[in-house]
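*Asks:* First the structure, then my questions, so here it is.
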Amino acid sequence: MDVTRSGGHLRITIPTEPAFLALGPSHLVAGMNNKAWFYKLSASGGQLLAEHDYLGSVEDMRLNADWAAAMFEGRVTVHPIQDAGKEESEGTFQVPSPGAPGSVTCLALSAHFLIVGTSTGALLYYQCHDKTLLNDFRHTGGAITKIVPQPYGTR
């Protein structure tokens with residue numbers, strides 16, 4: 001939703017002062033500790049879609065049009081926004097896989113891809129809709145601390 005063109009502001013009442021916020025094209029997530037509230041944005045404001053509990057205290061969260069990615073305790077849980085609040089979901093997956101070396105230090109979410117950096121210098125690209133690891137780049141300079149993808153893939 002592009003509120004800059006309409007010149008308006010959205011006011012959303014949330015149940016508590018949030019520790020984190022994430023904004024997607026048509027959704028907002030506000031949360032504290034391991035709880036997140038998902039809102040659908042419209043011209044009239046925000047409608048609560050669901051409350052979602054994660055397995056740890058959320059350190060970072062990213063949204064795109066369809067997916068939510070939450071980083072906690074060195075890993076990332078990715079799930080469809082439409083499945084927020086459900087205990088189990090077919091679309092949910094975790095990165096890195098159990099037993100993989102290193103922990104996640106940063107993440108980015110583009111329209112189609114989840115990109116994570118790890119403490120061992122790995123830069124991992126996943127395709128969200130089929131949970132496939134597409135690229136595994138190893139950086140020898142140490143941990144990756146920030147990822148800023150270019151949305152159009154140009155320089």
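The values are calculated or read from the model by the stated rules, or taken from the named source; none is laboratory data. Treat the numbers as computed from the prediction; the structure is a model and nothing was measured. All Cβ positions, even for glycine, are placed from backbone atoms using ideal geometry, and neighbour counts span all protein chains on display. Calculation scope for accessible area: heavy atoms of the full protein, side chains included, ligands and nucleic acids excluded. Shrake-Rupley method; radii C 1.70, N 1.55, O 1.52, S 1.80 Å.
*Asks:* Give all pairs with beta carbons closer than 8 Å in which a residue from the range 33-49 that is without any contact (Cβ under 8 Å) to a residue 40 or more places away in the chain and under 15 Å from residue 16 (Cβ atoms) meets a residue that is part of a loop (DSSP other than H, G, I, E, B) and polar (S, T, N, Q); count only pairs at least 6 apart in sequence or on separate chains.
*Replies:* Matching pairs, first to second residue: 33/57; 34/57.
*Asks:* Also, I was wondering about something else. How many residues does the range 32-49 hold that are open to solvent by 20 Å² or more (accessible area, probe 1.4 Å) and either within 24 Å of residue 131 (Cβ to Cβ) or touching a helix residue (DSSP H, G or I) at 6+ places or on another chain (Cβ under 8 Å) (or both)? Spell out how you get there, then give the answer.
*Replies:* First, pick out the residues of the range 32-49 that are open to solvent by 20 Å² or more (accessible area, probe 1.4 Å): 32-35, 37, 40-44, 46-49.
With the extra rule that they be either within 24 Å of residue 131 (Cβ to Cβ) or touching a helix residue (DSSP H, G or I) at 6+ places or on another chain (Cβ under 8 Å) (or both), the set shrinks to 34, 43, 49.
The total comes to 3.
*Asks:* Here's something else I'd like to know. Name the single residue that is surrounded by the most Cβ atoms within 10 Å (Cβ to Cβ) among those in the range 119-128 being closer than 16 Å to residue 93 by Cβ and touching a residue at least 24 places away in the same chain (Cβ under 8 Å). Walk me through it before giving the result.
*Replies:* As a first pass, look at the range 119-128 and keep what is closer than 16 Å to residue 93 by Cβ: 124-128.
Still in the running and touching a residue at least 24 places away in the same chain (Cβ under 8 Å): 124, 126, 128.
Working: 124: 24, 126: 22, 128: 21.
Within the range 119-128, the match that is surrounded by the most Cβ atoms within 10 Å (Cβ to Cβ) is 124.
*Asks:* For the range 19-31, which positions are surrounded by fewer than 16 Cβ atoms within 10 Å (Cβ to Cβ) and assigned to a loop (DSSP other than H, G, I, E, B)? Full working, then the answer.
*Replies:* Of the residues in the range 19-31, the ones surrounded by fewer than 16 Cβ atoms within 10 Å (Cβ to Cβ) are 19, 21, 23, 25-26.
Those that are surrounded by fewer than 16 Cβ atoms within 10 Å (Cβ to Cβ) and assigned to a loop (DSSP other than H, G, I, E, B): 19, 25, 26.
*Asks:* Based on this model, can you work out whether residue 97 counts as outside any strand (DSSP E or B) and closer than 28 Å to residue 11 by Cβ? Explain how you work it out, then say what you get.
*Replies:* Details: outside any strand (DSSP E or B): yes; closer than 28 Å to residue 11 by Cβ: no.
No; evaluated as a whole, the condition is false for this residue.
*Asks:* All but one of (1) modelled with pLDDT under 90; (2) within 29 Å of residue 122 (Cβ to Cβ); (3) part of a strand (DSSP E or B); (4) among the small types (Gly, Ala, Ser) hold for residue 111, so report the exception by its number.
*Replies:* Result: residue 111 fails condition (3) only.
*Asks:* What number of residues in the range 85-96 are closer than 19 Å to residue 60 by Cα and modelled with pLDDT under 80? Reasoning before the result, please.
*Replies:* First pass over the range 85-96, keeping only residues closer than 19 Å to residue 60 by Cα: 85, 92-96.
From the residues that got through so far, the ones that are modelled with pLDDT under 80 too are 85.
Adding up the residues that qualify gives 1.
*Asks:* Here's a check for you: in the range 52-65, which residue that is part of a strand (DSSP E or B) and of a type in the set (A, V, I, L, M, F, W, C) is surrounded by the fewest Cβ atoms within 10 Å (Cβ to Cβ)? Walk me through it before giving the result.
*Replies:* So the first thing to find is which residues in the range 52-65 are part of a strand (DSSP E or B), and the list is 52-53, 60-63.
Okay, now just the ones that are also of a type in the set (A, V, I, L, M, F, W, C), so 61, 63.
Numbers: 61: 23, 63: 20.
That would be 63.
*Asks:* Continuing with this model, one more query. Scan the range 97-107 for residues that are at pLDDT 90 or above and buried (at least 17 other Cβ atoms within 10 Å of the Cβ) and report the count. Explain how you work it out, then say what you get.
*Replies:* Of the residues in the range 97-107, the ones at pLDDT 90 or above are 103-107.
Remaining after also requiring buried (at least 17 other Cβ atoms within 10 Å of the Cβ): 104-107.
Within the range 97-107, residues that are at pLDDT 90 or above and buried (at least 17 other Cβ atoms within 10 Å of the Cβ) number 4.
*Asks:* A further question on this structure: Could you tell me how many of the residues in the range 132-155 are touching a residue at least 40 places away in the same chain (Cβ under 8 Å) and under 19 Å from residue 66 (Cα atoms)?
*Replies:* Qualifying residue count, the range 132-155: 2.
*Asks:* Which members of the range 34-51 meet the condition of being in a strand (DSSP E or B) and either aliphatic (A, V, I, L, M) or over 14 Å from residue 14 (Cβ atoms) (or both)? Walk me through how you get there before you give the answer.
*Replies:* Within the range 34-51, the subset in a strand (DSSP E or B) is 35-42, 45-51.
Passing the criteria: 36, 41, 42, 48, 49, 50.
*Asks:* Another question about this same structure. Please enumerate the residues belonging to the range 66-90 that are without any contact (Cβ under 8 Å) to a residue 40 or more places away in the chain and open to solvent by 90 Å² or more (accessible area, probe 1.4 Å).
*Replies:* Matches in the range 66-90: 73, 82, 86, 87, 88, 90.
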